[in-house]
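The values are calculated or read from the model by the stated rules, or taken from the named source; none is laboratory data. All of these numbers come straight from a predicted model, not from anything done at the bench. Methodologically, a virtual Cβ is constructed for each residue, glycine included, from the backbone with ideal geometry; neighbour enumeration extends over all protein chains shown.
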Amino acid sequence: MSTAELRDYLTNYRGPKIRIMEVCGTHTHEIFRQGIRRFLSPDIELISGPGCPVCVTPVDYIDEAIYLALERHATITSFGDLVRVPGRCSSLQKARAEGAKVKVVYSPLDSEKYAREHPDEQVVFLSVGFETTTPSDVIAVKNAIKDGIDNFSILTANKTMPGAYEAMASSTDAFLYPGHVHAITGTDICEDLVKRGVSGVIAGFTGDELLTALAITVRKFGEGEPFFVNAYPRVVTAEGSPAARALVDKFMQPCDAEWRGIGVIPGSGVELRPEYSDYDARKKFGIPSLGGEYKTACRCGDVLQGKIKPTDCPLYGKACNPDHPVGACMVSDEGACSAFYTYGGSL
Ligand code: SF4
């Protein structure tokens, strides 16, 4: 179908009503940027899921990073968004204003390089993200081992998507699966899910790829049976990337992981294997339990599970905006609250 035909189909579709969760923050952002929500039929509802790595990073993790920076005088290296995410009482940005060394880097390899060039500093990289970014975190550790760098470590909060799909399955009629994740994992996960009644379509990232994936989702939903379609075959193959998976498996093992506002999802994370604990900041520095009461009116957890729209949060656009984010979903460009705010809050 042409772009115009896809648009017409999605505009003129009438019943049954369908809720589609775009799991990936990049999809959320691109759907807004392309204005897709504006012309969708009222019978098609898009909800944003937990696929923005910054948004799902829990407060405990931010507190651990702040502890390392302020109490252990480590140099924290991180992608920029994470620096602004609030922990219980502070953020890395505020810690930096108090004298902590917090550096923004563009990759874990930049962090490892910085450690090599600054042997007098203990350098910690904040390792967050999904299947797409974990291999580069592992390569940084591998390089540090190879180069004999002993002042580099990573603080892991890496997550894997299958557990999130399971946890979110009851919130949606079908998933728009993130193409880049499945370029690594392959399609077995989706094939297994459809056998358990969970439907979804793997989508690419251009406007036409998103429209095609949405149209397939709506059409297949109308057939009344669970379905799975790979609508991004130019990138996603059945086997994915065995080399990337083998690399991660060598260095990392599955673990339970906490998702901000959602809670612990069993087996939904990865951490360094014990034999690499010299590069695991949590073990290297013996970070104590920093838990404590966390009171917030932020409803990121409900947003990330598709239970409410960002505009339903009482803080949205008032106390919480991109200049003064109260929650992680307003910090990252990939966050649903930020996307709503930037591209049109009433959608
Ligand atoms: S608008 Fe702000 S406070 Fe409300 S859920 Fe989103 S990030 Fe949290």
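Near the ligand (Cβ under 8 Å from one of its atoms), buried (at least 20 other Cβ atoms within 10 Å of the Cβ) and not assigned by TED's automatic domain parsing to the domain that holds K142: does that describe G327? Lay out the reasoning, then the answer.
Values: near the ligand (Cβ under 8 Å from one of its atoms): yes; buried (at least 20 other Cβ atoms within 10 Å of the Cβ): yes; not assigned by TED's automatic domain parsing to the domain that holds K142: yes.
Spelling it out, G327 is indeed near the ligand (Cβ under 8 Å from one of its atoms), buried (at least 20 other Cβ atoms within 10 Å of the Cβ) and not assigned by TED's automatic domain parsing to the domain that holds K142.
Wholly within the stretch 26-127, which strands (runs of 3 or more DSSP E) include no fewer than the required count, namely at least 3 residues that are farther than 24 Å from K284 by Cα? Steps first, please.
Numbers: elements: 44-51, 75-78, 102-104.
Once the strands (runs of 3 or more DSSP E) in the stretch 26-127 are filtered for at least 3 residues that are farther than 24 Å from K284 by Cα, what remains is 44-51.
Which is in contact (Cβ under 8 Å) with a residue 12 or more places away in the chain, under 21 Å from the mean Cα position of the chain (by Cα) and surrounded by fewer than 24 Cβ atoms within 10 Å (Cβ to Cβ), of Q34, Q122?
On the way: Q122 fails: under 21 Å from the mean Cα position of the chain (by Cα).
Sole residue among the options that is in contact (Cβ under 8 Å) with a residue 12 or more places away in the chain, under 21 Å from the mean Cα position of the chain (by Cα) and surrounded by fewer than 24 Cβ atoms within 10 Å (Cβ to Cβ): Q34.
Please verify whether the stretch 335-344 includes one or more residues that are in contact with a His (Cβ under 6 Å, 6 or more places away or on another chain) and either within 21 Å of L46 (Cα to Cα) or away from the ligand (no atom under 16 Å from the Cβ) (or both).
First pass over the stretch 335-344, keeping only residues in contact with a His (Cβ under 6 Å, 6 or more places away or on another chain): 339.
Remaining after also requiring either within 21 Å of L46 (Cα to Cα) or away from the ligand (no atom under 16 Å from the Cβ) (or both): 339.
Among the residues of the stretch 335-344, at least one is in contact with a His (Cβ under 6 Å, 6 or more places away or on another chain) and either within 21 Å of L46 (Cα to Cα) or away from the ligand (no atom under 16 Å from the Cβ) (or both), which makes the answer yes.
Given the conditions (1) part of a loop (DSSP other than H, G, I, E, B); (2) under 23 Å from L40 (Cα atoms), and given that K220 satisfies all but one, which numbered condition is not satisfied?
(1)
Looking for something more than 9 Å from the ligand (Cβ to nearest atom), of a type outside the set (A, V, I, L, M, F, W, C), on the phi > 0 side of the Ramachandran plot and out of contact with any helix residue (DSSP H, G or I) (no Cβ under 9 Å at 6 or more places or on another chain) - is there at least one such residue anywhere in the stretch 286-307?
Checked against the condition, which is being more than 9 Å from the ligand (Cβ to nearest atom), of a type outside the set (A, V, I, L, M, F, W, C), on the phi > 0 side of the Ramachandran plot and out of contact with any helix residue (DSSP H, G or I) (no Cβ under 9 Å at 6 or more places or on another chain), the stretch 286-307 yields at least one hit.
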